[in-house]
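J.: The structure is given below, and queries will be raised subsequently.
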Amino acid sequence: MEPQPKRQRVETTTNKNTSSKVEGSGDLYLDTIDRHMLDFDFEKVCSVSLSHLNVYACLVCGKYYQGRGKSSHAYFHSIHKDHHVFINLHTLKVYILPDGYEVQDPSLDDIKYVLNPTLTKQQVNQLDANLKASYDLNNKKYLPGFVGLNNVKANDYVNVVVQALIHIPPLRDYFILQDFESQGKSQLVTRFGALVRKMWNPRAFKGQVSPHELLQEISSASQKRFRLTEQSNAIDFLSWFLNTLHKDLGGTKKRNSSIIYRIFQGEVNVESQDIGPNEATSEEKGITVFDEDREIKKNNVPFLFLALDLPLAPLYQDEAEKDIIPQVPLTTILAKYDGKKIQETANQKRRYHITRLPEYLIFHIKRFSKNNWTLEKNPTIVNFPIQNVDMSHFTNDPNAETVGSHYDLLANICHEGKPGAGEGTYKVHVKHRGTGQWYQIQDLIVEEIIPQMIFLSESYIQIWERKRSTVNKDSMQQNNND
């Protein structure tokens, strides 16, 4: 096969001091760009040296190389492969190599936008009302905000948490609009913000996103507690992720010191009493009560999520019962926080009552338990309404009446399969706020689902959104009119 002649670039006027081509001038090399080969979701390291410094992407083959000087990997790649157009992944400047001059052309704007998508405040305010689908390079339709995430190795437990969090409006809007890199925030904060923007990008080249950069930083920031290659528990990850984001955003122990505490933190009053050495257990006496003659400790404890205990599943079932899945109403397991029910745990009797409700309420339905030999899973189905869960029965929050004590479901993370590491899988249900349509997302699979199907899942984590009361809305409207 005869070698193809190399492309000749058009001679144009350049500024000798800056070596930058005059904006708008043509360049024949730009038609060698292959947008289908471009994927900016992966960690920005040189494919040869593995360095993070001064990395460029070849816009012909999509590979990453360090530098553009005469001894750089990008320079050698341009000569050996006859690939000439490179973009700096940090500055977004485009250069022609090996010549070394910068080129500026409006046709490159879509590539720069995909590399670093940005949305205006006005666009962010319209995200939930957007009913318009977008189309990727293959003319495949996708809905911004409802895109699949690659399961790189075994990271579905991360994917479902990310999918749930990006549908919490104040959290989503905050991470889209803030410029964390210029603020010097941590890589975890910066990379999560970048991922949120990519997932809501209306001009993407493909209708799916890889969380690879965030996953790499999660592994590093957690000191490999959470890895790409090993399945982990979604609630463990959610707890670590929210607390680490809070700390990295400058949050302290003070209430409202970060966006995380401002929307998720509530407070529960815990009354506790040690079980006496000769005191009968609840199994022996049938009911648990406090001994009024001994000290009852009271403590207000902040929380980011509430743990809900499932009733024990039957150990043995006959033939007629083996296909019957046990069920329990959400209100029954919420009774743990009614300020009346006393539980025994870790040689203590405890009673819980919510003293402050957060804007967004996270429930952790405790399905997994460890015995001496293995990890067990409780398959009990939790029955719940999708709207108007009334939390007034479980709180003495003085603001509940004016602010509101009713909550609507925002996200439902469920676990399917066996409890062992690598055996079960996670999926999440989220709702389009504009249409009311629910979607089921499992890694790259995004599909519509009817609400009745959500109830059949083994819910593990739920996020609920507080509904503002009519009194509060009227008051806010009056203040706006004044």
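J.: What is the gain in length, in nm to one decimal, between Trp240 and Leu50 on full extension, counting 0.36 nm per residue of separation less the C-alpha to C-alpha distance?
T.: Taking 0.36 nm per residue and subtracting the Cα distance, the gain is 65.6 nm.
J.: While we're looking at this one, here's another question. Run the simple label-point estimate for Asn347 and Gln183 please: 7 Å along Cα→C-beta, distance reported in nm.
T.: 4.5 nm
J.: Here's a follow-up. Separation of the range 45-99 and the range 342-397 by C-alpha centroid, Å?
T.: That distance is 53 Å.
J.: For an R0 of 56 angstrom, estimate the FRET efficiency from the Cβ-Cβ distance between Glu376 and Phe76 and round to the nearest 0.05.
T.: For R0 = 56 Å, the calculated efficiency reads 0.50.
J.: Run the quick spin-label model on Ser107 and Lys297: label points 7 Å from Cα toward the beta carbon, then report their separation in nm to one decimal.
T.: Modelled inter-label distance: 7.1 nm.
J.: Still on this structure, please answer the following. Using the alpha-carbon atoms, what tilt in degrees (0 to 90, nearest 10) does helix 470-481 show relative to the longest principal axis of the chain?
T.: Helix 470-481 sits roughly 40 degrees off the main axis of the chain.
J.: Further question on the same structure: Debye sum, Cα scatterers, the range 310-460, no solvent: what log₁₀ I/I(0) at q = 0.18, 0.22 1/Å?
T.: After summing over all Cα pairs, the log10 values are -1.28, -1.47.
J.: Give me the angle, in degrees from 0 to 90, between the Cα long axis of helix 187-199 and the longest principal axis of the Cα atoms of the chain, rounded to the nearest 10.
T.: 80 degrees
J.: Would you mind getting me the FRET efficiency between Ile325 and Asp390? Use the beta-carbon distance for r and R0 = 22 Å, nearest 0.05.
T.: Computed FRET efficiency for Ile325 and Asp390 comes out at 0.25.
J.: Rounding to the nearest 10 and keeping the result within 0 to 90°, find how far the Cα-based axis of helix 212-221 lies from the longest principal axis of the chain.
T.: Helix 212-221 and the main axis of the chain meet at about 60 degrees.
J.: Between the range 250-278 and the range 119-196, what's the alpha-carbon centroid distance in Å?
T.: Here the two parts' Cα centres lie 29 Å apart.
J.: Which whole-number value in Å² is the accessible area per residue of the range 86-245, probe 1.4 Å?
T.: 40 Å²
J.: Taking semi-axes √(5λ) of the Cα gyration tensor in Å as the quantity of interest, determine which of [x] 52, 25, 21; [y] 60, 29, 23; [z] 35, 29, 21 was computed from the displayed structure.
T.: [x]
J.: Let me ask something else. Across the range 247-261, in residue order, what do the Karplus-derived ³J(HN,Hα) couplings come to in whole Hz, using 6.51 cos²θ - 1.76 cosθ + 1.60 with θ = phi - 60° and x for Gly and Pro?
T.: For the range 247-261, the Karplus curve yields 5, 5, 8, x, x, 10, 6, 6, 4, 6, 7, 8, 4, 5, 5 Hz.
J.: So for the pair Asp338, Cys61, with labels modelled 7 Å out along Cα→Cβ, what separation do we get in nm?
T.: 6.8 nm
J.: State the percentage of accessible surface on the chain attributable to carbon and sulfur atoms; use a 1.4 Å probe and exclude ligands, DNA and RNA.
T.: The computed percentage sits at 48.
J.: Nearest 5 percent is fine: what portion of the DSSP beta bridges confined to the chain is antiparallel?
T.: 85 percent
J.: Would you mind calculating the gained length between Leu456 and Met37 on full extension (0.36 nm times residue separation, minus the Cα-Cα distance), in nm to one decimal?
T.: 146.8 nm
The values are calculated or read from the model by the stated rules, or taken from the named source; none is laboratory data. Owing to the predicted nature of the structure, the values given are computational and were not obtained by experimental measurement. Virtual Cβ from ideal backbone geometry, glycine too; neighbours counted across all protein chains shown. All accessible areas refer to the heavy atoms of the entire protein, side chains included, with ligands and DNA or RNA removed. Shrake-Rupley method; radii C 1.70, N 1.55, O 1.52, S 1.80 Å.
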